[in-house]
Amino acid sequence: MPEEQTRVEKIIGNPKRAIWGLTIPALLGMVVQYVYNLTDTFFVSKISDEAIAAMQFNGPFVFFAISICFGLGIGVTSLISQALGAKDKRRANNAAEHAVIIGVVLGLTISIVSIVFRYPIFRLLGAPDNVIDLSVQYFQVIIYGFVFNILSVFFRSILSGEGDVKTPVRFMIIGTVINIVLDPIFIFVFKMGIAGAAWATITAQFIVMLLYVNFFFIRRESLVEFAFRDFSFSWNIVGETFRIGVPASLSFVVMSFGQMLYNRIVVIFGSNAIAGVGIGMRLDQLFFLPIMAAASAMVTITGMLYGAKRKDLMRSTYLYVIGWGEVTAIVLGLFFYLVSPYFMKIFTSNPEITGIGISYIRYNVFAYPFIVIGMTSGRVFQGIGKGLPGLLITTIRIAVIVVPLALLFTRIFGWGIEGVFLAQIISSLSAAVLAFFWLLRSLKKIEITEPIHGV
């Protein structure tokens, strides 16, 4: 039996088991990346408190740029998984070839536009005078590595569509280790400051991209096959990729703009507030790791079930993932609530930054159970080729709920920065309720297909 059909049929035959098979390796890679983020923050924190704030201001725009590609990557994953589920290898190959071309074009375009408008970008983000120069120092180096990072995103999306998460994890671990090793060398030995952290990052990204190029084009170890000499441009594939991916990209963009507006609200309370929230978010990331890994696996699994017409398994698999996600949210939320003071002291001795970070963490853990539902639901929608619901839910959560409530609580009610944190909880709850019932209704409308014997 061909390797691709062996892998695909195993996933379709037992999707609940496949969730663990796809989630655990992805989670391992994310944990390694998380360790890097903590290490990077630790080294940057030794430069100055302003350097931490500068990285926090870089976060939303970098996320904005990469998120465009992540969204389109989700479209690629969905198309490839559906094609393989339907045993249409030629369409899967063609979708992968289109993905690489899109990645190159996007990477170059974003890099050029970003370097030209770097100062206006950070003024728009509200970076104060004592932080903007440091923000630009970091950003104008990171920008040169965008094309490497973006291509890696598309390569990873192709492999996700195949159900191969182990290869991207191996490459992620290699890149992360290189990054961790180079960070102190560039920052302290070469005395490059915050720019050194950026150079370490793009060096690692370049090496990871080379690993993907070797895997796909030299060793040819992927299930999909690249044969650009026989490449046939298809508006249908581009259209489907964008139909699924653009709403997903816009969801990320909306989240990025929401983070930018969030920072502008928080910075009213001073640069220490930005630094405190930035450090607190590093602990948040530990919660997001397993949730994001499982939710991403749902794009692949749902796409294959949809392509194979095994729609009878979609609802039960979705509820299974939600159940385990809630257990994770409650356990980690309680743990973070208790350890937050000790976590903050690792990165700063400033009592104001420490206090704000603790407050951020202790409020935000109450949003965790709702985030599980919202994130998982969005990925299931994308797996069946529907990107619009996730976009609408995200837009409502940020534009209609969190930002207006944060302004209301802080500017009108005068509740201080805690009002911003409370707005996050309310918005996450609202989005979870909407996403859950919308998805169940959508799955109910899909015609249930009888199990296919032998699959």
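The values are calculated or read from the model by the stated rules, or taken from the named source; none is laboratory data. Source: prediction; values computed, not measured. Here Cβ is always computed from backbone atoms with ideal geometry, including for glycine, and neighbour counts include all displayed protein chains.
What the table shows:
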{"item": "Matching residues, the stretch 82-95, being under 26 Å from GLY378 (Cβ atoms) and in contact with a Leu (Cβ under 9 Å, 6 or more places away or on another chain)", "result": "LEU84, GLY85, ARG91, ALA92, ALA95"}
{"item": "Pairs where the first residue, in the stretch 338-349, is free of Cβ contacts under 8 Å to residues at least 40 places away in the same chain and the second is aliphatic (A, V, I, L, M) and in a helix (DSSP H, G or I), C-beta under 7 Å, 6+ apart", "result": "PRO341/ILE358"}
{"item": "Any chance ARG156 is of a type in the set (Lys, Arg), modelled with pLDDT of 90 or more and closer than 21 Å to LEU106 by Cβ", "result": "yes"}
{"item": "Criterion (in contact with a Ser or Thr (Cβ under 9 Å, 6 or more places away or on another chain) and surrounded by fewer than 24 Cβ atoms within 10 Å (Cβ to Cβ)) met by exactly one of LEU125, LEU108", "result": "LEU125"}
{"item": "Flag for LEU210 being touching a residue at least 60 places away in the same chain (Cβ under 8 Å), within 30 Å of ASN94 (Cα to Cα) and not in a loop (DSSP other than H, G, I, E, B)", "result": "no"}
{"item": "Conditions (1) under 25 Å from GLY71 (Cα atoms); (2) buried (at least 20 other Cβ atoms within 10 Å of the Cβ): number failed by VAL238", "result": "(2)"}
{"item": "Exclusive hit being among the aromatic types (Phe, Trp, Tyr) and closer than 29 Å to THR41 by Cα, set PHE381, PHE413, PHE336, PHE437", "result": "PHE336"}
{"item": "Positions within the stretch 41-66 being of a type outside the set (A, V, I, L, M, F, W, C) and either outside any helix (DSSP H, G or I) or touching a strand residue (DSSP E or B) at 6+ places or on another chain (Cβ under 6 Å) (or both), in sequence order", "result": "LYS46, SER48"}
{"item": "Residue within the stretch 381-392 that is free of Cβ contacts under 8 Å to residues at least 40 places away in the same chain and within 19 Å of SER256 (Cα to Cα) present", "result": "yes"}
{"item": "Set ILE291, ILE279, ILE330: member being β-branched (Val, Ile, Thr), surrounded by fewer than 17 Cβ atoms within 10 Å (Cβ to Cβ) and in a helix (DSSP H, G or I)", "result": "ILE330"}
{"item": "Members of the stretch 234-258 that are in contact with a helix residue (DSSP H, G or I) (Cβ under 8 Å, 6 or more places away or on another chain) and more than 30 Å from ILE371 (Cβ to Cβ)", "result": "SER234, ILE237, VAL238"}
{"item": "Answer from PRO120, PRO128 - the residue that is more than 18 Å from the chain's Cα centre (by Cα), in contact (Cβ under 8 Å) with a residue 12 or more places away in the chain and more than 30 Å from GLN382 (Cα to Cα)", "result": "PRO128"}
{"item": "Entirely in the stretch 365-449, the helices (runs of 4 or more DSSP H) that have 1 or more residues that are of a type in the set (D, E, K, R) and either over 18 Å from VAL246 (Cα atoms) or modelled with pLDDT of 90 or more (or both)", "result": "417-445"}
{"item": "One residue from ALA83, ALA26, ALA65, ALA53 being modelled with pLDDT of 85 or more and not charged (D, E, K, R)", "result": "ALA83"}
{"item": "Pick from the stretch 20-46, criterion more than 18 Å from the chain's Cα centre (by Cα) and under 24 Å from ILE322 (Cα atoms), ranking: surrounded by the most Cβ atoms within 10 Å (Cβ to Cβ)", "result": "GLY21"}
{"item": "Filter pass, SER81 being closer than 30 Å to MET192 by Cα and of a type in the set (Ser, Thr, Tyr)", "result": "no"}
{"item": "Of all residues making up the stretch 209-235, the number that are surrounded by 18 or more Cβ atoms within 10 Å (Cβ to Cβ), under 18 Å from GLY161 (Cβ atoms) and not hydroxyl-bearing (Ser, Thr, Tyr)", "result": "4"}
{"item": "So VAL104, is it in a helix (DSSP H, G or I) and either within 19 Å of the chain's Cα centre (by Cα) or free of Cβ contacts under 8 Å to residues at least 40 places away in the same chain (or both)", "result": "no"}
{"item": "For GLY59: the one exception among (1) out of contact with any Leu (no Cβ under 6 Å at 6 or more places or on another chain); (2) crowded, with 21+ Cβ neighbours inside 10 Å", "result": "(2)"}
{"item": "Among the residues listed as LEU388, LEU439, LEU434, the single one being under 26 Å from GLY73 (Cα atoms), touching a helix residue (DSSP H, G or I) at 6+ places or on another chain (Cβ under 7 Å) and surrounded by fewer than 17 Cβ atoms within 10 Å (Cβ to Cβ)", "result": "LEU388"}
{"item": "Verdict on TYR363 being of a type outside the set (Gly, Ala, Ser), more than 21 Å from the chain's Cα centre (by Cα), buried (at least 18 other Cβ atoms within 10 Å of the Cβ) and over 30 Å from LEU305 (Cβ atoms)", "result": "yes"}
